[in-house]
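First up is the structure itself, then whatever we jot down about it.
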Amino acid sequence: MIETLLGGLLGGAFRLAPEILKWFDRKGERSHELAMQDKALEFEKLRGAQRMAEIGASADAAWNTGAIEALREAVAAQGRTSGVKWADALSTTVRPVVTYLFVLMYAGVKLSTFVGSVQSGVGFGPALLAAWSEADQALLAGILNYWFLNRTLEKGLR
């Protein structure tokens, strides 16, 4: 009788075991599916962000192209004459006159610094060194490079 009871219980347990294992397996499959869906969602978010970045870069490139074209047109327009002689003459003298004024103003400031130093009792050499700084040397080097080196390179490229 015990054997019958044990046989029935063990048979029932062995019959339930595959169902329990299937249940655990389905639970694992569901969690795996959920994890895969989460990964797919993350991937789609990254793809969308990348696409938005590409659209932004494309828009920036288009804007830069438009800005370069506008600059090119503005520079070309500066070279065109208006047909009014006095206005064209005035227009061509603006940059040189402004340049001369700034050069004269700069020279005046440097000269007044030098003269003021000499009048306050500083010697000629130290007064000259006080009036001529490293910034002045850099400015002079930039001007010389523009007027001589840049023009030489432009002639070589033509």
Fill in the blank from the handout: Here the gain from full extension of Leu139 to Arg15, 0.36 nm per residue of separation minus their alpha-carbon distance, amounts to 35.1 nm
Completion exercise
In debye to the nearest 20, the charge dipole size for the chain, taken about the Cα centre with +1 at each Lys and Arg Cβ and -1 at each Asp and Glu Cβ, equals 580 debye
Handout entry: Two-site label geometry, Arg30 and Arg95: point separation in nm, points 7 Å out along Cα→Cβ
Key = 7.8 nm
Exercise for the section: Tabulate in residue order the Karplus-calculated ³J(HN,Hα) for segment 107-118, using 6.51 cos²θ - 1.76 cosθ + 1.60 with θ = phi - 60°, rounded to whole Hz; enter x for Gly and Pro. Expected result: 5, x, 5, 5, 5, 5, 5, 5, 5, x, 5, 5
Exercise for the section: Would you please give the FRET efficiency between Lys155 and Asn64, computed as 1/(1 + (r/R0)^6) with r the Cβ-Cβ distance and R0 = 35 Å, to the nearest 0.05? Expected result: 0.75
Exercise for the section: Give the shape of segment 1-80 as rounded, prolate or oblate, defined through the alpha-carbon gyration tensor: a ≥ b ≥ c are the square roots of its eigenvalues, a/c under 1.5 means rounded, and otherwise the shape is prolate if a/b is larger than b/c and oblate if not. Expected result: prolate
Handout entry: Rounded to 10°, Cα long-axis angle of helix 134-144 versus longest principal axis of the chain
Key = 80 degrees
Fill in the blank from the handout: Rounded to one decimal in nm, the spacing of the 7 Å Cα→Cβ label points at Ala76 and Phe148 is 3.6 nm
Problem - Residue-averaged [θ]222 nm for the chain, counting only DSSP H segments that reach four residues, each worth -39500 (n - 2.57) - result: -31500 deg cm²/dmol
Fill in the blank from the handout: Listed by chain and number, the aspartates and glutamates with an alpha carbon less than 16 angstrom from that of Lys110, same-chain partners under 8 positions apart left out, are Glu134, Asp136
Fill in the blank from the handout: So the angle from the long Cα axis of helix 2-79 to the longest Cα principal axis of the chain, reported in degrees to the nearest 10, equals 20 degrees
Exercise for the section: Scan (i) 17.5; (ii) 27.6; (iii) 8.0 for the value of mean projected area of the Cα convex hull in nm² calculated from this model and give just the label. Expected result: (ii)
Practice task
Starting from the Cα of Lys27, draw a straight line to each of the lysines and keep only those under 19 Å, dropping any in the same chain fewer than 8 residues away.
Solution key: Lys39
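Only the coordinates and a few stated rules stand behind these numbers; no lab work does. Because the structure is predicted, anything quoted here is derived from the model rather than measured. When we count neighbours, we look across all protein chains shown, and the Cβ atoms used for this are built from the backbone with ideal geometry, even at glycine.
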